[in-house]
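Worksheet for the structure shown next.
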């Protein structure tokens, strides 16, 4: 019986080549997106699977809240949390404290390589499964200045020599190698070249930094804990809640709330600042999955429409089957098998498309390649086959149900008596839904692109044009500044701790006259050239003059929001000059007030910002103003200047405008994905429309010929045949445009403090594209039908 089903299905596919092509191609294109989402989700869900205790491991995360400012969720927390939980909370099997920020050049003899490491305490290897190839995991991170190298790092530094007991020098300090670990697996949210004992950080910072063990020092420390198999995480969370209450009681206007996060949510979990490894919010996967589902659904609609439309042709086949003894279940099985067969054929082509899409998807953004590989595995292939069968069953269910209910005697007596016309409204509804979704996708792409270009071209409140930002990588900025000053194309050079408006932030606590009123303000440390290079506008006061000597910093420049936040001089810039504020416990006089500008990303509101002039080297960046007619030659000169002060690290220099585009590249990636989905949705919907038009014109050829004999013109016939389809597109337009507009206006854009208005062109351009394409498809077939010779069509009547 199954063989009979397959034979009948094969004959039907061959006999209806056009409809078979439309169905197979539509399903193949749509399923290729589904395969991509399956591979992406499988990769993300497999993060940290190699950890033996993954199901019992949790990370302590922090939510920081300051007055009426939005809460900030952090993957990091304070060292005090880890120390307190170790001592006072029962039911914790193991706990480890990590700290990031260790970087520098590792020296072994003549070998020098840049190295990034984590500080980790002695319990690290009890919590995490990173096997040691050499060394004792119980003691490898016990003593200060102990160093565990990843295998790849060890080979770079020592070659084939056993590194245990050998020394690696960072600056003037020697670290002893106490272990060699397997290289970090690709799908680990923790990434490191080496581990340095946490006791080293305590020896270096605890005595000089009074905030090292502070409850508020939450910016670069991480705490992970393992619970016993019989333990309930709620009991530990209750203990953390009590700790929150106890510690926050001593704070005013701000709070730090710590909670548990399962290890499995570290990579595929909610967005957290200070993430220690690659992450992707689940909402991204859900959105991509939803888009893929919509495209697959559109292809299923095509199958349903075309199958029901062809019911007159296949109803006699079904009637004869029933007369010779076929039951409803047999007919249902036949058409479901035919649908699954088409879907499995489509799977072959969709897999070929998936291989192309995978390369293009990974190339959208370099960060995607660091997060997932989308490599095939037996499990993923099984998922692919399951998807194909599921799509086949979903696409074929309604047509199979329709044919299974056909009355055999009635059909064989009069084929036109079957209840076909009650399904016409269903087919129209499916076409309207397809084109509604296509229009929504197009409008979303156009609106999103408008917002993206608006972000890139937004007035930040300062100049970024022709500014080259050079990362100093630990070198002294003054030395490089002198070399760059000798290059004719270099007009000015300034120094800064960080590059603003790219999304990175650095905060510090500030007070004014009320010692109990403190707030977090954003900070950048700059020199006296920074304001002129970036054309910052001073509303009152002056720029910094000379670099202060160590310990003699007395000045600060603030923006207008600082005056408003602390009500300094009732917000008057002139009167605010000379007023004293306290930042990081240091009393500073306001010498300048800047016009408000964007410090963080432009989707956030402008917030209080201060500039300070640090007395210490090294700075983070040089900001080089360039006026070059021959840019390649200028860049070569800058590279040569860099090599005179640093022969180890390559020049890391980017133009500010390019960095802005890169900072908002996630918007670009999303737009490309949605735009691609929109293209697929239009293609699939248009294929379905084409198939319906072909079928309609074929079934109405005699009517067209009679009308033509009676004097109907070609234009009148085109209008007659196309008005129904164009009416459905008009209905789709009336539904899609208001939905898209209100969704963006009331939901999406409310999350962006500064956004572009939604233009009418963003909405209507997509309609024009779809209408033009649909009219082309409809018109080409109706013209062909209208031009047929009536004598040829009606000769057998």
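Read the figures in this text as sums done on the coordinates, not as results from a lab. Source: prediction; values computed, not measured. Heads up, the Cβs are rebuilt from the backbone with ideal geometry, glycines too, and the neighbour counts pull from every protein chain shown.
The calculated FRET efficiency for residue 567 paired with residue 203, based on their beta-carbon distance and R0 = 35 Å, is about 0.20.
Stretching the chain fully between residue 249 and residue 540 yields a gain of 100.8 nm (0.36 nm per residue, less the alpha carbon separation). Based on the convex hull around the alpha carbon atoms, region 643-703 presents an average projected area of 7.7 nm². Sorting the segments 340-349, 72-81, 273-282 by their mean number of nearby beta carbons within 10 angstrom, highest to lowest, gives 72-81, 340-349, 273-282. Note: relative contact order over region 467-663, using C-alpha pairs below 8 Å and six or more positions apart, is 37 percent. When the alpha carbon coordinates of region 467-663 are projected onto the principal axes, the ranges are 54, 37, 26 Å, largest first. Taking a virtual spin label 7 Å from the Cα of residue 116 along the C-beta vector, which residues in region 168-193 bring their backbone nitrogen under 17 Å of it? 183-193, by backbone N distance to the label point. Computed from Cα positions, the angle between helix 631-645 and the longest principal axis of the chain comes to roughly 40 degrees.
Using a simple spin-label model with pseudo-atoms 7 Å out from Cα toward Cβ, residue 330 and residue 376 lie 3.9 nm apart.
The packing ranking, built from the mean of other Cβ atoms within 10 Å per residue, places the peptides 396-404, 172-180, 541-549 in the order 396-404, 172-180, 541-549, highest first.
Here the calculated FRET efficiency for residue 182 and residue 103, from their Cβ-Cβ distance with R0 = 25 Å, stands at 0.70, rounded to the nearest 0.05. Placing a label point 7 Å from the Cα of residue 21 along the Cα-to-Cβ direction, the residues of region 673-693 with a backbone N closer than 20 Å are 680-693.
Take region 649-762, drop everything but the C-alpha atoms, weight them equally and run the Debye formula without solvent; then report log10 I(q)/I(0) at 0.10, 0.16, 0.21 Å⁻¹ to two decimals. Each listed q corresponds, in turn, to -0.59, -0.97, -1.27. Using 0.36 nm per residue and subtracting the Cα-Cα separation, the extra length available between residue 554 and residue 647 on full extension is 29.8 nm. Annotation for residue 365 and residue 385: the two label points, set 7 Å from Cα along the Cα-Cβ direction, are 3.5 nm apart.
Relative contact order for region 54-265: 36 percent, from Cα pairs under 8 Å spaced at least 6 residues apart, divided by residue count.
Among 683, 734, 300, a tally of other beta-carbon atoms within 10 Å of each Cβ gives an order, fewest to most, of 734, 683, 300. When Rg and the Kirkwood Rh are both derived from Cα coordinates, the Rg/Rh ratio for region 62-184 amounts to 1.06.
Of the residues 684, 37, the one with the fewest other Cβ atoms within 10 Å heads the list, and the complete ranking is 37, 684. Take every DSSP beta bridge whose two residues both sit in the chain; close to 80 percent of them are antiparallel.
Relative contact order, whole percent, for the chain stands at 15, derived from Cα pairs under 8 Å and 6 or more residues apart.
What base-10 log of the normalised intensity I(q)/I(0) is obtained for region 64-121 from the Debye formula, alpha carbons as equal point scatterers, at q = 0.14, 0.18, 0.20 Å⁻¹? So the normalised log intensities work out to -0.66, -0.83, -0.88.
The simple Förster model, with R0 at 30 Å and r as the Cβ-Cβ distance, assigns residue 270 and residue 463 a FRET efficiency of 0.25.
Remark: the residue 242-residue 164 segment gains 23.7 nm on full extension, using 0.36 nm per residue and subtracting the alpha carbon distance. Using Cα centres only, tell me the gap between region 449-517 and region 160-206 in whole Å. What the calculation gives is 32 Å, centre to centre.
Taken over the alpha carbons of region 54-265 as equal point scatterers, the Debye sum produces base-10 log I(q)/I(0) values at 0.08, 0.11, 0.19 Å⁻¹ of -0.30, -0.56, -1.36.
Distance between the 7 Å Cα→Cβ label points at residue 710 and residue 662: 7.1 nm. With respect to the chain, whose longest principal axis is taken over its alpha-carbon atoms, helix 311-323 is tilted by about 70°.
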